[in-house]
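Here's the structure, in structure tokens; my notes come after.
The values are calculated or read from the model by the stated rules, or taken from the named source; none is laboratory data. Only a predicted model underlies this, so the values are computations on that prediction, with no experimental measurement involved. Cβ atoms come from the backbone with ideal geometry, glycine included; neighbour counts cover every protein chain shown. Calculation scope for accessible area: heavy atoms of the full protein, side chains included, ligands and nucleic acids excluded. Shrake-Rupley method; radii C 1.70, N 1.55, O 1.52, S 1.80 Å.
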Amino acid sequence: MNLEDIFQTIEINVENKKLDDLKILHLSDLHINKKTSNENIINLVEFCNALDFDFCVITGDIIDTKVKFIKKQLQILNTLEFKVYYISGNHDLFYGLEDLKKELSNFIFMDNSCKEFIYKNETIFIAGLPDRFSKFFGIKREEEKIKSYLLNEPSIFISHQPKDYKIALDSKANLFLCGHTHGGQIYPFHYFVRLVQPFLAGLFYKQDTAIYVNKGLGTWGLKLRYKANAEITIVKLISKSVE
């Protein structure tokens, strides 16, 4: 895979002028497994480290096998520069979230967590939730806590599944970043995904919230994509409030 071919910058309109020109590297659904070579992860890290952005977000499903089989690959991923915020996906929960957290020691784990990022001397509020499957793993989603925090302005919400968009709307978050869908991965499965998810891929606006659904880097099941290319995306925020 030529990373240049799947890289893009997307301009997103947001309401708060404090977010103007903020650049976020958005990765999702890496699905690192036993067949993922060290070289592939090295190439990804080197490519991303050469980009111009303010911080990175990984919206879940980093792994697709037990951590003990891919420790080297995760150690390489852990060398991504800048701040990296990440949340759990359903595959991370299934294969071992606690082990994953140990390997990604340089990253900032955002499940049920709230952080502040200083950008041009202004505070940006970032909050994340565990994947919606977390209840099956005895992990509570602290939705009210996250909603309350996101009422601060400006705010960015990260979660794995597009289904969580209503939390972003309820809290008037400026931006919601997610993944999970793979953009359908193989056409015509797009139509099945749309039966269970409110958004398939790309950029949407609801009320005062911008929503971006990343198609991800990896694959699940068949190692194949059709009419749903992988992506590495920088989302560049453009404030509608700037005079």
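Checking each residue in the range 198-221 for being closer than 20 Å to Asp5 by Cβ, assigned to a loop (DSSP other than H, G, I, E, B) and at pLDDT 85 or above picks out Ala201, Asn214, Lys215, Gly216, Leu217. Filtering the range 1-19 to residues that are more than 22 Å from Ile238 (Cβ to Cβ) and assigned to a helix (DSSP H, G or I) leaves Leu3, Glu4, Asp5, Ile6. Checked against (1) out of contact with any strand residue (DSSP E or B) (no Cβ under 9 Å at 6 or more places or on another chain); (2) modelled with pLDDT of 95 or more, Asn13 passes all but a single condition, namely (1). Residues that are farther than 17 Å from Glu98 by Cα, surrounded by 14 or more Cβ atoms within 10 Å (Cβ to Cβ) and touching a Lys or Arg at 6+ places or on another chain (Cβ under 7 Å) within the range 133-155 comprise just one, Pro154. Restricted to the range 108-132, and to residues there that are assigned to a loop (DSSP other than H, G, I, E, B) and open to solvent by 20 Å² or more (accessible area, probe 1.4 Å), the residue that is farthest from Ile58 (Cα to Cα) is Asn121. Report whether or not Glu81 is within 22 Å of Lys23 (Cβ to Cβ) and either in a helix (DSSP H, G or I) or at pLDDT below 95 (or both). Against the criterion (within 22 Å of Lys23 (Cβ to Cβ) and either in a helix (DSSP H, G or I) or at pLDDT below 95 (or both)), Glu81 qualifies. Take the conditions out of contact with any helix residue (DSSP H, G or I) (no Cβ under 8 Å at 6 or more places or on another chain) and modelled with pLDDT under 70 and apply them to Leu195. Does it pass? Considered against the rule, which asks whether it is out of contact with any helix residue (DSSP H, G or I) (no Cβ under 8 Å at 6 or more places or on another chain) and modelled with pLDDT under 70, Leu195 comes out as yes. Looking at the structure I just gave you, is Asp64 in contact (Cβ under 8 Å) with a residue 12 or more places away in the chain, touching a His at 6+ places or on another chain (Cβ under 7 Å), among the acidic types (Asp, Glu) and more than 25 Å from Leu237 (Cβ to Cβ)? Yes. Residues being open to solvent by 60 Å² or more (accessible area, probe 1.4 Å), under 29 Å from Glu116 (Cβ atoms), modelled with pLDDT of 95 or more and not in a strand (DSSP E or B) are entirely absent from the range 20-40. The set of residues in the range 67-78 that are assigned to a helix (DSSP H, G or I) and either of a type in the set (Val, Ile, Thr) or open to solvent by 10 Å² or more (accessible area, probe 1.4 Å) (or both) comprises Val67, Lys68, Phe69, Lys71, Lys72, Gln73, Gln75, Ile76.
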